[in-house]
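What follows is a single structure, written as structure tokens, with notes after it.
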Amino acid sequence: MGTLVELLKNTAMQLPKHTALIFGENRVDYGLLLEASKRLASGLSALGIRKGDRVALMLPNVPHFCISYFGILEIGGIVVPVNIMSSKDEIQHQLKDSGASAMITWTGFQNLAIAMKDMCPECKNILFLGDNIPTGTLALTRVISESKPLENDIEISDTDIAVINYTTGIADVPLGAELTHSSLYSNATTCSEMFRFTQDDKMLAVLPLFHPLGQTLVMNSSFSRGCTVALMPRYSPEEIVQAINNYKITFMAAVPGIFTNLTENSQNVSLPSLKYCMNYGGKLPQEIIDEFEEKYNAIVLQAYGLTEAGPLVTSVRLDSDRKANSVGLPLMGVEIQIRDDLGNQLRPFQSGEIWTKSQNLMNEYYNKPEETKKRLKNGWLFTGDVGYIDDYHYLFVQERKENIIVKGGFHIFPHEVEKVIMEHSDVQEAAVIDVPDEVQGAEVKAYVILKEGKHLTQDELIKFCRHTLPVYKTPKYIEFCSSIPKSPTGRVLKRVLRKNSISYRSGYDDKRNKEK
């Protein structure tokens, strides 16, 4: 196999003057990217950071994210990407849990970062990108510019841990998935081969690079083939359209919300350079795919993955048929099975938990052996997602196992209810969860966002649902809201909705009891 350090080095040696990164009007070629990474590696080494040390990386999509990522890897360090939208408690947990000895961040986050220095004394060095560097910390750009490139390469094995990506997939507290150089290298190079990337391709980095897919597909896959990555630290539909046309983007990976926004974009624009897009992180209705492809003449590839798997597991392939509602075929070298609750393998079209096996999987959850045992067995990863495969091994993802509603012995997939609700012309967005019920065990509740200027009552929407859904699937409770909690990739955080809803129902029931 290989290491991520070798991945960048090989491309930089072959294409030193080829543009690696675009950021606004700035261009960074591969030779400069490698040199800056080696300079930072030397600077980190001078600060006492050694092979195996964890370094937190909390930056938006800017060139210094890539420089820092590979600079940490150059000295055998382990990158701990931190979501820039994390709360103080979340950042503190990740720094303490990983034992990070340093943190690289932006001055815009300095209040949070300085607080971390007091709360996490083991995090001895903080390097800031930006102006007005706080006293007692270091300027990232100065460390890079004043350090000589690392002369002697650190011996790094492909089995060494490269990244600890934190995920809340199965727990309330984020768990750190340890991913080796080999697993990330394999996933990245497989993607670049499968999507036939060349040095003529230009990737739009609208997904955050702190997200696993942002790292593997957008950054590492592109770097493996000498593609150019255009970085977007923030976005709007108008900015995405402008960036695609300005930089002649050929490939874009994005979440469902972005495709929906671009489809609804009323501007009469074309994107002649855009060839392919990947949807990741949630279901994208087929009608949105059809409208997007008709409007922009670019093919949308559905994909599926999870942090613990590198992250990409399946995708629609360029040389294979697409099937409605399918997230495609397993990547090369990836196995998929559907199993029941007892671990028995199921036949095509039978629904069960998705299990996957490949060299892309995490080693374990960092310092969490019991949690690791819940997810890994004999080389197989239990994904926690429910779905089925057809006779040709196309995967259809139905629901998170934890989100399935069991009401009176019947199993209800929330996405079926959400689809019906979304068919109402006044509805903008919907999320369906289970809430406790003394009689049925659980009841169906929907959170609904209405389109601007629209008005709808609970009774009207329930009546609408009953035209299509059987009574037991029809929501008993509907709560209209202005927003629905989501992850950085747009995945609805149903765990948060359930927690809030239980508190709400508890208070509501207490009030009713007092009135009685």
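The values are calculated or read from the model by the stated rules, or taken from the named source; none is laboratory data. The structure presented is a predicted model; accordingly, all values stated were derived computationally and were not measured. With ideal geometry, Cβ positions are generated from the backbone for all residues, glycine too; neighbour counts draw on all protein chains shown.
Just the residues that are among the aliphatic types (A, V, I, L, M) and in contact (Cβ under 8 Å) with a residue 60 or more places away in the chain, please, taken from segment 384-406.
Those that are among the aliphatic types (A, V, I, L, M) and in contact (Cβ under 8 Å) with a residue 60 or more places away in the chain: L395, V397.
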* Name every residue in segment 163-202 that is part of a loop (DSSP other than H, G, I, E, B) and within 18 Å of N220 (Cα to Cα), in order of residue number. => F195, R196, F197, T198, Q199, D200, D201
* Which of the residues that make up segment 134-162 are among the β-branched types (V, I, T), under 20 Å from W106 (Cβ atoms) and part of a strand (DSSP E or B)? -> none
* Out of curiosity, is G453 at positive phi and out of contact with any helix residue (DSSP H, G or I) (no Cβ under 9 Å at 6 or more places or on another chain)? -> yes
* **Lone unmet requirement of (1) out of contact with any Lys or Arg (no Cβ under 8 Å at 6 or more places or on another chain); (2) part of a helix (DSSP H, G or I); (3) not aliphatic (A, V, I, L, M) for H415** => (1)
* Pick from segment 1-32, criterion out of contact with any Gly (no Cβ under 9 Å at 6 or more places or on another chain) and in a loop (DSSP other than H, G, I, E, B), ranking: modelled with the lowest pLDDT -> M1
* To do: With the condition kept exactly as written, say whether any residue in segment 74-82 is assigned to a helix (DSSP H, G or I), closer than 16 Å to L47 by Cβ and at pLDDT 95 or above.
  => yes
* Counted residues, segment 253-312 - those being outside any helix (DSSP H, G or I), of a type outside the set (A, V, I, L, M, F, W, C), crowded, with 19+ Cβ neighbours inside 10 Å and in contact with a Ser or Thr (Cβ under 8 Å, 6 or more places away or on another chain) -> 7
* First in segment 449-472 and of a type in the set (D, E, K, R), second anywhere and assigned to a loop (DSSP other than H, G, I, E, B), Cβ under 6 Å, 6 or more apart -> K451/D426; K454/D426; R466/T474
* Here are some residues: L497, L461. Which one is aliphatic (A, V, I, L, M), at pLDDT 95 or above and not in a strand (DSSP E or B)? -> L461
